[in-house]
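One structure is given here, and the rest of the page talks about it.
The values are calculated or read from the model by the stated rules, or taken from the named source; none is laboratory data. These figures come from a predicted structure and were not determined experimentally. No Cβ is skipped: glycine too gets one built from the backbone with ideal geometry, and neighbour counts run over all protein chains shown. Heavy atoms of the whole protein, side chains included, go into the accessibility calculation; ligands, DNA and RNA do not. Shrake-Rupley method; radii C 1.70, N 1.55, O 1.52, S 1.80 Å.
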Amino acid sequence: MKARHLSTFFIFFFGALGGLLFGFDTGIISGASPLIESNFNLGTEQTGFIVSSVLIGSSVGALSIGSLSDRFGRKHLLVLASILFLIGSGLSMFAQGFVSMVIARIILGFAVGSASALTPAYLAELADAPHRGSLGTMFQLMITLGILLAYVSNLGFLHHNLLGLRDWRWMLGSALIPALMLFVGSIILPESPRYLVEKGRIDEARDVLHELRAKTDEDPDKELAGIQEVANQPKGGLKELFTFARPAVIVAILLMLLQQLVGINSVIYFLPQVFIKGFGFPESNAIWISVGIGIVNFLCTILAYNIMDRFNRRTILLFGSIVMALSIGILSILNFTLKVQDAAVPTMILIGIYIFGFAVSWGPICWLMIGEIFPLNVRGVGTSIGSAANWIGNFIVSQFFLELLHMFNNNVGGPFAVFTFFAIVSIFFVIYMVPETRGKTLEQIEMDMRKNAALKSAAQNK
Ligand code: BGC
């Protein structure tokens, strides 16, 4: 399909829509799980498994999709992911018990994981270098919008058993709408021009590039020549991941693990419970706390979208790490020193600052960078590895957070001291290991990596 007649906004909006489902499907369960628990008479462990089954499915989905996307193209697999989203959302809406719910959530996880590995590479490969930061941030913008919509849907459907279907069925089923939009969108979307060049389909790639760059100052023919040069480099296949692209693999895995280990999902998934258990807030406030977090998170990501092409990625990451380390470091100290009731308001403010720090930096940039730093030949597999690391990190934090909280007698200072440690580690990681990608084409990034590896091996052979 040619990109003709499709506006750039349409392409990037629908291209990033997988993010909305990612956010929605991970966010919705916080409100739906207590309702499912009581409806199916489940134990806490079973409910916990329903919550984490998405994360298990995502890790597997993310890992398996990459090599397929290098073979069959980003677009076709986005279509496949959207079909999985439709099936998973439908099945979870009509699940009849624990087992069918777990199966539905694993299928959904598979779709979420696939989308999270496909979308960053797809967006990076479509964007022009000067705008790649903001266009890549569309993915995180969609994730945060998805989370917010999930919270709003929880709020809207709670206690409304419409048409004889229980509230939680509507909550889970509302994901069918964005899934359908992604399905239609991904059929219309153009294939990535870089994938097309890699497969020798030069004329199609030229068409897509001309259409995409029609309203920019970029020269599509020059860009095409650059992509062809890279595509003509000797190919090492998967071995590249262990040779000149090894630094990219290490950076991707650490970026993604740290993105989770700074603890963002303790806030996104569990904060209401923290306030109820730790500060004695009434249960009825839980959903409002969630909506508040969702709004702050989304608004700060809009800010990120606006600044992403103006500052170096490394500068923004460093800023985010420092803001997070300070805010949750102070939060932790206050919760160990103040009386519980005095700590509640400062904790809330500091969590707001922490979300700001994450949302303008590590939230968008990690997803952006895993689409940028891998060589064309193995970009699909590379983003898969990065994405899977993210889901595994997410699983670890989600499994241990409540236990950690319990270990510290419901004092949030405990788990947040652990997250502060990782936020400090992230400062050093950015300073010493993260490369700068702003303003360079994907081809320049790849050529720099090849040159560095050649220089290094020449120095070793001396
Ligand atoms: C993370 C998610 C998180 C979300 C919060 C994403 O970048 O990967 O795990 O829930 O940001 O906005």
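Taking only the C-alpha atoms of region 123-169, the Rg (one decimal) and the largest Cα-Cα distance, Dmax (whole number), read 17.3, 52 Å. Using C-alpha pairs under 8 Å with a sequence gap of at least 6, the mean separation divided by the residue count of the chain gives a relative contact order of 25 percent.
Tell me, what % of the accessible area of region 1-135 is carbon and sulfur with a 1.4 angstrom probe?
Values: 3210 of 4540 Å².
Carbon with sulfur: 71 percent of the solvent-accessible area.
Start at zero, step by 10 Å, and the Cα-Cα distances of region 21-126 spread as 16, 46, 25, 11, 2 percent across the bins. Of all the accessible heavy-atom surface of region 138-296, with the other protein chains kept in place and a 1.4 Å probe, what percent is carbon and sulfur? With neighbouring chains kept in place, the figure for region 138-296 is 64 percent. When a 1.4 Å probe is rolled over the protein heavy atoms, the share of accessible surface on region 311-409 that falls to carbon and sulfur comes to 75 percent.
Relative protection proxy for 354-364, 449-459, from highest mean packing down: 354-364, 449-459 (other beta-carbon atoms within 10 angstrom). The long axis of helix 176-188 is offset from the longest Cα principal axis of the chain by roughly 0 degrees.
Shape of region 266-342 from the C-alpha gyration tensor: oblate (a/c of 1.5 or more and a/b not above b/c, with a ≥ b ≥ c the square roots of its eigenvalues).
Listed by chain and number, the lysines whose C-alpha is less than 30 Å from the C-alpha of K235, apart from same-chain residues fewer than 8 away, are K2, K75, K199, K222, K440, K451, K456, K462.
Bridging of K339 to lysines at a Cα separation below 25 Å is possible for K277, once same-chain residues fewer than 8 apart are set aside. The phi torsions of region 434-450, fed into the Karplus equation with coefficients 6.51, -1.76 and 1.60 and a -60° offset, translate into couplings of 7, x, 9, 10, 5, x, 8, 6, 4, 6, 5, 4, 5, 5, 4, 5, 4 Hz, rounded to whole numbers, with Gly and Pro shown as x.
Over all orientations, the chain has a Cα convex hull whose mean projected area works out to 21.8 square nanometres.
Averaged per residue, the chain has 40 square angstrom of accessible surface, using a 1.4 angstrom probe with ligands and nucleic acids left out. Angle of helix 379-407 to the longest C-alpha principal axis of the chain, folded into 0 to 90 degrees and rounded to 10: 20°. Among 233-241, 377-385, sorting by the average number of other beta carbon atoms lying within 10 angstrom of each residue, highest first, gives 377-385, 233-241. With contacts taken as Cα pairs under 8 Å and at least 6 residues apart, region 134-224 reaches a relative contact order of 13 percent.
Between the Cα long axis of helix 286-307 and the first principal axis of the chain there is an angle of about 20°, rounded to the nearest 10.
Remark: the chain carries a charge dipole of roughly 520 debye about the Cα centre, counting +1 on each Lys and Arg Cβ and -1 on each Asp and Glu Cβ.
Please give the calculated 222 nm ellipticity per residue for the chain, where each DSSP H segment of at least 4 residues contributes -39500 (n - 2.57) and the sum is spread over every residue; nearest 500 deg cm²/dmol?
Working: 20 runs with 366 residues, N = 462.
Only helices count here, giving -27000 deg cm²/dmol.
Averaging the Cα positions of each part gives two centres, and for region 266-286 and region 67-130 these lie 30 Å apart. Under the rule a/c < 1.5 gives rounded, and otherwise a/b versus b/c splits prolate from oblate, where does region 222-317 land using the Cα gyration tensor? It is prolate, given that a/c is not under 1.5 and a/b is the larger ratio.
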